[in-house]
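The values are calculated or read from the model by the stated rules, or taken from the named source; none is laboratory data. Remember, it's a predicted structure, so these values are computed and weren't measured experimentally. Neighbour counts are summed over all protein chains in view; Cβ atoms, including those assigned to glycine, are modelled from backbone coordinates with ideal geometry. Please note that ligands, DNA and RNA were not included when accessible areas were found on the heavy atoms of the full protein model with its side chains. Shrake-Rupley method; radii C 1.70, N 1.55, O 1.52, S 1.80 Å.
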Amino acid sequence: MSEWLTKTLTLNTGAKVPIVGLGVFVSKDPVEQAKATSWVLTALQAGYRHIDTAWIYGTEKPVGEAIKASGIPREELFITTKLPWNHTKRVQWSIDQSLKNAGLDYFDLYLIHWPQSVAYDVNESRPRNPDGQIKLDETGNFNDTWAEMEKVLASGKVKAIGLSNFSIKTMEELFKTAKVMPAMLQVEMHPYLAQDELLSYCHEKGIVVTAYAPTGYATVREDPTVGEIASHYGATPTQVILSWHVGRGVVVVPKSADPGRQKENCQILNLSEADVQIINGLERNQRICNKPDKFGNVSGWSMEKLGWM
């Protein structure tokens, strides 16, 4: 087992979060979602103790099944899930659904998945307007949602609460009413989208940052500069990129269903300062996972409203 699977960062709650975790995002296909049980189990068997899922991924149940099959004591695991954007007005109900899905008594971390509220449709988690844009619930706001998240925290159903896809702009708005400081912010982050200002802001506030899409997919992995550095270390581009994140004090949750790559992804390198600076130089403020659509929006909100400009 890689020593990096036992390395942790400390949340503002005092809890320890493993710095390398497994992301469990899959397509909307129920068959693909069900398959996640087997590869989450191989990750647990390989030593992973941090699993990142979400209600909207449809993988809370497979994660719970894998945990049960692993026989690993619950207290040795760190399990994150997320409040979906169409449940922002039914937070208490939603956390109960997530716990039931996973067969767990509590989650270690519960995140607001997106700052925007999406219209509730019992049959569709991503309802659309006739023009194809996501159907928003304009009466929802994340300040009220956060107040409900604070109640979930007080109930003991989750050990910490945090945010996903928020920016400095939206967090500043949240902090006008928040009584509990978020423990975590999860955002898209990779060498093409380093988010230095946001990372510094979170460090100053004592908020741990998790990178999703941390490798930047093939777009970044196949960058010649990354490949050259990887060759120098006798490593893969993925290992170089994940090592760059960890060196910045960022949690990573790469997704892989392949047992070999799961083991590969937790082999963190000690990059030289010169190589770190070279990777830093790849920054181009390029969103790859969640980029603006033909309307200039991301999931119904403009880049300006998201604070992503």
### Query
Which chymotrypsin sites (Phe, Trp or Tyr not before Pro) in the stretch 61-139 pass both tests, a DSSP loop state and at most 15 other beta-carbon atoms within 10 Å?
Tyr106
### Query
Dipole of the chain, Cα-centred, from +1 at each Lys and Arg C-beta and -1 at each Asp and Glu C-beta, to the nearest 20 debye?
580
#### Entry: Cα centroid separation, the stretch 201-224 to the stretch 1-35 (Å)
14
### Query
In whole percent, what relative contact order does the stretch 47-181 give with Cα contacts below 8 Å and a gap of six or more residues?
24
### Task
State the three equivalent ellipsoid semi-axes of the stretch 34-124, derived from the C-alpha gyration tensor as the square roots of 5 times its eigenvalues, in descending order and whole Å.
25, 13, 11
### Surface accessible to a 1.4 Å probe, per residue, for the residues of the chain, Å²
44
### Proximal charge balance of Glu32 [Cβ under 14 Å; K/R count +1, D/E count -1]
+3
### Carbon and sulfur %, accessible surface of the chain computed with the full protein complex present, 1.4 Å
50
### Task
Give the relative contact order (percent, whole number) for the chain; include only Cα pairs under 8 Å separated by 6+ residues.
18
### Computed [θ] at 222 nm, helices only, for the chain once each DSSP H run of length n ≥ 4 contributes -39500 (n - 2.57)
-11000 deg cm²/dmol
### Summary
Taking a crude spin-label model, label points 7 Å out from Cα along the C-beta direction, the Gln267 to Asp196 distance in nm is 3.1
